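The values are calculated or read from the model by the stated rules, or taken from the named source; none is laboratory data. If you're wondering where the values come from, they're calculated on a predicted model, not measured in any experiment. Backbone-built Cβ (ideal geometry, glycine too); neighbour counts: all protein chains shown. In case anyone asks, the SASA skips ligands and DNA or RNA and just uses the protein heavy atoms, side chains included. Shrake-Rupley method; radii C 1.70, N 1.55, O 1.52, S 1.80 Å.
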Amino acid sequence: KTKLGDPDNAVDAVRRAAMEERRAGELVAAADAAHTAGNVSAEQAGRAAAHHMLALAAADYRKESTLTTMQTDVSGNSLWKAAQLYDAAGEAEKSIAAYREFIGGWPGDSRIPEGLLAVGRLEESIGDLDAAIAAYQKDIKDNPKTPAAYRATVNLARCYMGQGPQHFAQAEAALLSLVQDNSDLLPTAEEFRISLFTLGELYFRNGRWADAILRL
């Protein structure tokens, strides 16, 4: 049985995480002030320190998640928090791993669509377009008619665009599914507007001038 101060104590882990997260916020505020003052070196140092502190907080939240596996809500919330903080710290691969663990361990959680969207975005950020496409496709298939799935559709199209003109048809089909074949997404929705602009960009890149003009 652990006591306060033990390295594997869940209570201490979450307390450390909260302090580290709070300190990261202070460092970000100081970096913003340095930016306003034009002190580039201080800004860079502050942001680097903030990222380091966020990574420490993420590790402690993940430790708490591991130590509270019998308390599913507590464990899941801590793992989700760890994934978010790893992302904020620029630790993409650790964030992906935490999100994937959450998705596998809490399949009925309402945050799953956002988790899959985050996985796709992070995979995309490290250049693994195939893994990003797989994550986006799963989000679209498993969580239809959700804001996350709509954003995943736009991101999916951008991944296809990044793979080259040979994937034009796949990118076009993804975007048309939002702006032309979707009665649930109103033109006032942000996802509709972004997909319409992206469709215009797709046509422009491929020399489809009339179609680009129409959409833009």
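Tabulated data
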{"item": "Heavy-atom SASA rank of LYS94, LYS63, LYS145 (probe 1.4 Å, accessible area, largest first)", "result": "LYS145, LYS94, LYS63"}
{"item": "Calculated from backbone phi, Karplus (6.51, -1.76, 1.60) coupling profile of region 23-31 in Hz, x at Gly/Pro", "result": "5, 4, x, 5, 5, 5, 4, 5, 5"}
{"item": "The chain: relative contact order in percent, alpha carbon pairs under 8 Å with at least 6 residues between", "result": "10 percent"}
{"item": "Highest average packing first - 181-187, 71-77, Cβ atoms within 10 Å", "result": "71-77, 181-187"}
{"item": "Lys, Arg +1 and Asp, Glu -1 on Cβ, resulting dipole of region 45-177 about Cα centre, debye, nearest 20", "result": "180 debye"}
{"item": "Karplus-derived 3J(HN,Hα), 6.51/-1.76/1.60, for each residue of region 77-84, Hz, glycine and proline x", "result": "5, 5, 5, 4, 4, 4, 4, 5"}
{"item": "Accessible area of the chain belonging to carbon and sulfur atoms, whole % at 1.4 Å probe", "result": "56 percent"}
{"item": "Accessible surface ranking that places the most exposed of VAL14, VAL119, VAL40 first, with a 1.4 angstrom probe", "result": "VAL40, VAL14, VAL119"}
{"item": "On Cα atoms only, tilt of 92-105 relative to the major axis of the chain in degrees", "result": "90 degrees"}
{"item": "Cβ-Cβ FRET estimate between GLN71 and GLU26, R0 fixed at 25 Å, reported to 0.05", "result": "0.25"}
{"item": "Partners for LYS81 among aspartates and glutamates (Cα-Cα distance below 18 Å; same-chain residues under 8 apart left out)", "result": "ASP12, GLU20, GLU21, ASP60, GLU64, ASP73, GLU91, GLU93, GLU101, ASP109, GLU114"}
{"item": "Probe 1.4 Å, all protein chains present, accessible-area order of THR153, THR69, largest first", "result": "THR69, THR153"}
{"item": "Per-residue ³J(HN,Hα) for region 183-200, Karplus 6.51 cos²θ - 1.76 cosθ + 1.60, θ = phi - 60°, Hz, x for Gly and Pro", "result": "7, 8, 9, 6, x, 7, 6, 4, 5, 5, 5, 5, 5, 5, 5, 5, 5, x"}
{"item": "Where the chain is the region considered: accessible area per residue in Å², 1.4 Å probe", "result": "54 Å²"}
